[in-house]
Each structure stands twice: as structure tokens, then as C-alpha cells.
Amino acid sequence: MAEESVTPDPMSTPDSTPDPMSTPVGATSPLAPGSNAAPSIAYDDLRQWIEEARKLGEIRQVKNLSWQRDIGMVAEMALHDDAAPCFIFEEVPGTIKGSRVLLNFFGGKRKNMTLGFPTDLSRLELSDGFRTHYMGPMKRVAPRYVNDGPIFENVMKGEDVDITAFPAPQWHDADGGRYIGTGCFNVLRDPDDGWINCGTYRVMIHDAKSAGFYISPGKHGRQMRDKYKARGESMPVAVVCGGDPMTFLMACSEVPYGVSEYEIVGGMRGKPVDVIKGPLTGLPIPANAEIVMEGFVEPDKERIEGPFGEWTGYYASDLRPEPVLDIKAIYHRNDPILLGCSPQRPPDEICRYRAVVRSGLLRENIERAGVPGVTAAWAHEVGNARLLLAVAISQRYPGHARQAGHIATMCHVGAYCGRYTIVVDDDIDVSNLEEVVWALITRSDPASSIDIIRNAWSTPLDPRIEPERKEAGDFTNSRAVIDACRPYHWRDRFPAVNLPSPERKRMALQMFGHLFKN
Ligand SMILES: Cc1cc2nc3c(=O)[nH]c(=O)nc-3n(C[C@H](O)[C@H](O)[C@H](O)COP(=O)(O)O)c2cc1C
Ligand SMILES: [Mn+2]
């Protein structure tokens, strides 16, 4: 298979370069009993991942459903159900022989397997394990350049390029087109510094040789796109559909600016990601991805993209002209698999993985900003891990709760399209929506506990920005930072909680537990 290349990537840091910001914080957590055992990621690509999920009995193969309607209909049912299997749709009529669509990868026991942890950890424990083992150390291992790989088993070039031949579904009835890019990522190179960014942005098929993609203002990929446009230069792009699930998860997460997502995945795996220099763009593409498109975006070429049923649960951005990717080549493995992650009204599959990954990153971000005493953080599923954040602290000084709340709201993970941040005491389980709301309604005082932040970073996808402001290009929103902790200066006189002590709870279980068994 792939052969090691002699050319090191000039753009990436040497193997295992320590991140200057990476002092490990909160190395262990009482919430994650399993987090001391080192995780182990059992797959390198999507096919190996499928074999692991199959061992768990969670793969269901279905033949002969249409991309026009059927796959989208199954998606709408399956993605709201954590217990639903991972579907592989085969023999989709009218598409390349052997091509497939994979849906609902992050559910059931395979969630923990995907991140390399035992299947019995709760989602809070999983998130905490993710943070302490991967994000706290944030090791970086540069990708390894190889000369060949299974991605080149099939090549379409020039006149042969036909993106419509792949089984990209019409995900929702009212979408403006077929979205081939959902569980995908775009590889871009910064025109100033040359660093490589991988980011997940939706990709719609325009026709056989062109696609549209949408990047919200402020994303790393958008900053790069804006630079190419300002220079009047064409932008090389590689779109990876069906990369390995771990690379996908990091491409849709808040990895620090200037750091390649490939390096983070290498650090998590403890070995480099194998990439090949794209023949046309020179961009690093995973040697074992399923489908990769290579092409260029010309600075002044735009076409209407969307609408697309988005992660907020709405069609919120108007039809708008977006850049066009002129596809110059498509590479794919034999019997290629398209990874599909179509957004549904929350909570859905996307919320499942985003809550686990982003909650870990959120706590990491808050601690790195120097806030002590953070005991847990949860980016709630109902807000797609963005619109509702909860942070628990063990209060140490006056103003501590506001500090934690403002930083959670404005750190890299919290800043984009948030709405409400609730800070609670450490007796509250932040991942339990009812406990958080109970703290909110009993420990906060609306007149004095809420700070408002105005003109914060949001997006055309935000359903609560007035149409007039959107038309004027103002995509900012406001935030509420809610202090739902017992007020610091009289916390000792706050009424006691009506719950049994741990000792009484243990005794009750011992004495009366049998009454609850069948
Ligand atoms: C399934 C899925 C689809 C996404 N689609 C988009 C999109 O169309 N546009 C966008 O700006 N962000 C989208 N995101 C979010 C970005 O991937 C995420 O903000 C990421 O951190 C951006 O990376 P970057 O800052 O390196 O550009 C999507 C995320 C997921 C999970
Ligand atoms: Mn990035």
C-alpha cells in the first residue's frame, strides 16, 4: 500500500511538538472513573470503523433505497434515536456501482468505541475522558506524507468528472439540492502562513463538475477564503467525504487557530495521519479516505447555495450566492462510502457527538483561561452544543461565578452562536437539563443574576436575528450569562437542599432497595 515519502510537510510542525499552551489541566476527574485507563482508537479509516461497529452488532445494511427521497426519510427517523443502528445504504439506484451511504455513526455503544473508550462510560464520563486524555495534553503529531493509497483506486479527471454519480441524498424535502458534503471536511491552506485547516462545511451539488459550500463568517476556513478573495486569487480546495470518523470529529470542532486538525488527530492516535499531496492542489488528502474532490474556487464566481435544513432546527439563512468549487478531479476507493451527517431539529445525532466533544473542549478552554474550581461543563444537546451552556464551579471568591460564565460564553468553543450560559454550584449535574433548570429557577434572581453581552459573534444561520439586520450584513446576537449559584456572600445562609445525605442514601438503599426489585 502506501509508501513513506521523503518530503516532509513544510507547513506543519515537527512530530510531537509540544503546544506552548498545553499545560495539562485537571488531569483526573472524579466524574470519570474510567478516564485513567488510556483510550485506544481501534480504527484508522471508515472501513475499519465499520468492522468495529459490526462487532458491537450495530450495523444495518439496507439495499435499494432512493437518494431522491428514501434515505432522507430514514435519516429523519434514525437520527433522533440514540438506539437506532448505524445504517449503510447499498445499491442506491442510479449511482456508481458499489457506492454506499453511511448514516448515524454516533449512537449506541459505538459512540464510546469511536472515541476509543470502554462502552460502559456515561456521556459525561466519555466527555471527561476525551478532555483529560486528548484535549488537556493536546499533543500534536504532524501528518506523514505517503505517495499512494486506496483513495487513488479510481480517478475521474477532466471530462469524466461527475459528482452527481455518487449517492448524495436529498436530505430534507425543502433543501435546495443534494448535499454530498455533510459528514465531510474541506482542506484549505492559509495563503499567508501556509498552515493547513480541515473544517466541516456543507457542500451542495450544483452540477456534474461544480459544487457550492457555505462557511459562516469567522470560521478558520472562512478567514482563509476571505483572504484569497481579497487577493483576487483562486483558492485550492480538497473536499474529503468519508474520511475516518475521528478526523471528521476534529474537523467540526474548535481546534485552535493556526493548528492543523490533522496534527491533533495524530496526537490523539499517537501516530501520524497518512496523507498524500493532492496532484492538482498540493493539499494533503487522507490516503485512506473514501471520496475526495479536488478543485479551485475563483474569487468572483458565485452561485445560489441552499437552503439547507440546519442544526438550529430551521432554514434560517436566506438563499444566498456562495462560492463555487470547480471540481477538476475526483478520487475514490472501490465501492466508496459517503459519510452522511444530515442535521435535524435538535437533539439529533450531531448534538450527540458535539455535546461530548465540545463539552470537553469547553471545560478545557475555561480552565486554560485561568478559571479555578471548574468541576464540570456541558454544552447541551438541545442547543446543538452551542445555544445553551452549563458550567459547574466550586465557588472560591466573590465574582468567581461571573468570571466562569463570561469566559465560557466568549472562549473559542462558546463564542460562536451561543445564547444562554448558566453557571451552577458543583452539587448540580450540569449534563442533566432538569437539575440545571432547577438551579436556575431556585438560585438565580432575574433582576440581579443576568449579565447581557451584546454584538457577539453569530451567523446568518441564527434564527433570531431580524431579517433587516441580516440583510444589512449584521450577524451578531446577544448573550445572557446567568449566575445560578448560591450568592457567594450569603451562601452559608442559603436554605439547605431537601435531599438525603449520601450516608442516608446508602442506608436507604441497603435497607429498602429490595422493595424496588421485581
Ligand atoms: C455535520 C456538520 C455540518 C457543518 N456544516 C457547517 C457549515 O455548513 N458551515 C460552517 O461554517 N460550519 C459548519 N459546521 C461547523 C464547523 O464544522 C465547525 O464550526 C468547525 O469548528 C469549523 O472549523 P474551522 O474553524 O477550522 O473552520 C458543521 C458541523 C457539522 C458537525
Ligand atoms: Mn480549524
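The values are calculated or read from the model by the stated rules, or taken from the named source; none is laboratory data. Model, not experiment: these values are computed from the prediction. Every residue, glycine among them, receives a Cβ derived from its backbone with ideal geometry; neighbour counts consider all protein chains shown.
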request  = Would you be able to say whether some residue in region 501-508 is surrounded by 13 or more Cβ atoms within 10 Å (Cβ to Cβ) and hydrophobic (A, V, I, L, M, F, W, C)?
outcome  = no
query = Can you find even one residue in region 377-384 that is touching a residue at least 24 places away in the same chain (Cβ under 8 Å), buried (at least 24 other Cβ atoms within 10 Å of the Cβ), of a type outside the set (Lys, Arg) and assigned to a helix (DSSP H, G or I)?
reply = no
task = Output the residues belonging to region 143-191 that are of a type in the set (Asp, Glu) and within 15 Å of ligand 2 (Cβ to nearest atom).
result = Asp190
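Being surrounded by fewer than 24 Cβ atoms within 10 Å (Cβ to Cβ) and out of contact with any Gly (no Cβ under 7 Å at 6 or more places or on another chain) narrows it down to one of Gly266, Gly270, so name that one.
The match here is Gly270.
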note = When (1) closer than 24 Å to Thr247 by Cβ; (2) within 14 Å of ligand 1 (Cβ to nearest atom) are applied to Ile205, the one that fails is (2)
query = Hey, any hits in region 291-303 for a residue that's at pLDDT 95 or above, farther than 17 Å from Asn147 by Cα and part of a loop (DSSP other than H, G, I, E, B)?
reply = no
query = Which of the residues spanning region 264-277 are within 14 Å of ligand 2 (Cβ to nearest atom) and more than 19 Å from Val292 (Cβ to Cβ)?
reply = Ile264
request  = Check Leu499 against each of (1) assigned to a helix (DSSP H, G or I); (2) aliphatic (A, V, I, L, M); (3) within 29 Å of Val356 (Cβ to Cβ) and name the one condition it does not meet.
outcome  = (1)
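Report, by residue number, each residue of region 208-228 that is more than 9 Å from ligand 1 (Cβ to nearest atom) and farther than 13 Å from Pro323 by Cα. Explain how you work it out, then say what you get.
Step one: list which residues in region 208-228 are more than 9 Å from ligand 1 (Cβ to nearest atom), which gives 208-212, 225-228.
The answer is Ala208, Lys209, Lys227.
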message = Which count do you get for residues in region 162-191 that are in contact with a Gly (Cβ under 9 Å, 6 or more places away or on another chain), more than 11 Å from Thr95 (Cβ to Cβ) and assigned to a loop (DSSP other than H, G, I, E, B)?
response = 11
